[in-house]
Amino acid sequence: MVFPVANNILIIAENQNNLVCQADLTRFERCKNLLQARQLYSQKTFRAVGLAIGDNKDELISQIEQLRQSNPQAKIFLLAQMFQEPAAIEMVRKGLADDYLICPVGITDFADVAVVSVVPAAAVATSVSPESRQQNERTEILEKLATVDDLTGAKNRRYVREFLRQIIEYGQKTVCHISLLIFDIDNFKSYNDKFGHQVGDKILKQAVVMMQQSCRKHDVVGRIGGDEFAVVFWDGPKTQRTAPTQERRHRDNPSAMQVVTIINRYRRELARTDLPALGSTGIGELTISGGLASYPQDGMTADELFIAADKALLEAKRSGKNRVYLVGTTQAQ
């Protein structure tokens, strides 16, 4: 595998400490904005440029266009937090950027940039050895295994916790409403005992697919163990956000009602889903119990939200199941 020279990579980010691995901070050329980048461009040529994704989509597109004009030979990689991944994928699909990397990034994340950058696109397939392509494929598989539940295709526990941590950090700087739902399938063990584990696996997969269909595109659905799932609801990417004030933090949250609507829609769809493996008596039997906690009212950290949502889930179970409790309320939703 070919590694580029570290000083041939430029990182453009206002806050680099959160985007670049601490061990590699000194191994990149770095600047905070495009003005500084242009000054560096006049002194040397870069093979790769890592550009941090901001909140303003139009501004990001303009920055990419300016980078293309200033240094057309450089490959442009978007530096994205987990919650910015959908926006990064969209930019790459439209051909605005060459690829994206999930932060924090290190020097090894740019491992094949040198090969791709100096060879015309038509010749890339023949310039990269079969061994290198196999290594890339293995790397992609390992990255997927590190973030995705292999049974259901949902995000795994590690990913959900890290995503929630990052989105809370983002919410501390902006007006962003965040909620965490933890739920499980009522009496799931009885399905395994009655129909077998293969049927149980089908139920888990169906539960994930239906939740993903009920959620908004930017919400994150994860399986955190057994028949237990977690969903991170948040406002989604917006073109412009303002800094939060104490008054705005404690106002009624309209997004919370939208989340409740999503959850209730999911429960209705799940209850009437047709799973042939369950037989004729299986329709309408699937129900869930859950707990919903919101930032910042119910917790200021990912751990605090998980604890609060877990407690609410336990209360829902104790109260007869087939319900979702909101933290701070005694009424089932």
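FYI, it's all coordinate maths here, none of it is from the lab. Note that this is a predicted model, so its numbers are computed, not measured. FYI the Cβ positions are ideal-geometry reconstructions off the backbone, even for glycines, and counts take in every protein chain you see.
From the alpha carbon gyration tensor of segment 157-207, can you work out the equivalent ellipsoid semi-axes (sqrt of 5 times each eigenvalue) and give them in Å, largest to smallest?
Listed largest to smallest, the semi-axes of segment 157-207 are 35, 10, 8 Å.
Quick one: of 32/94; 44/217; 173/317; 155/189, which pairs are farther than 29 Å apart, Cα to Cα?
44/217; 173/317
Enumerate the amide H contacts of residue 224 below 5 Å, restricted to partners 5 or more residues apart or on another chain; note that Pro and chain-start residues carry no placed amide H.
229, 230
Scan around residue 75 for amide H atoms under 5 Å from its own, H built in the peptide plane at 1.01 Å from N, and keep only partners 5 or more places away or cross-chain.
48, 49
Which trypsin sites (Lys or Arg not before Pro) in segment 173-208 pass both tests, a DSSP loop state and at most 16 other beta-carbon atoms within 10 Å?
Hits after loop and neighbour filter: 173.
Using the alpha-carbon centroid of each, what span in Å lies between segment 48-86 and segment 172-192?
33
Mind listing the long-range amide H neighbours of residue 148? Cut-off is under 5 Å, sequence gap 5 or more, other chains count too, H placed in the peptide plane at 1.01 Å from N.
Those qualifying (amide H under 5 Å, at least 5 residues apart or on another chain) are 156.
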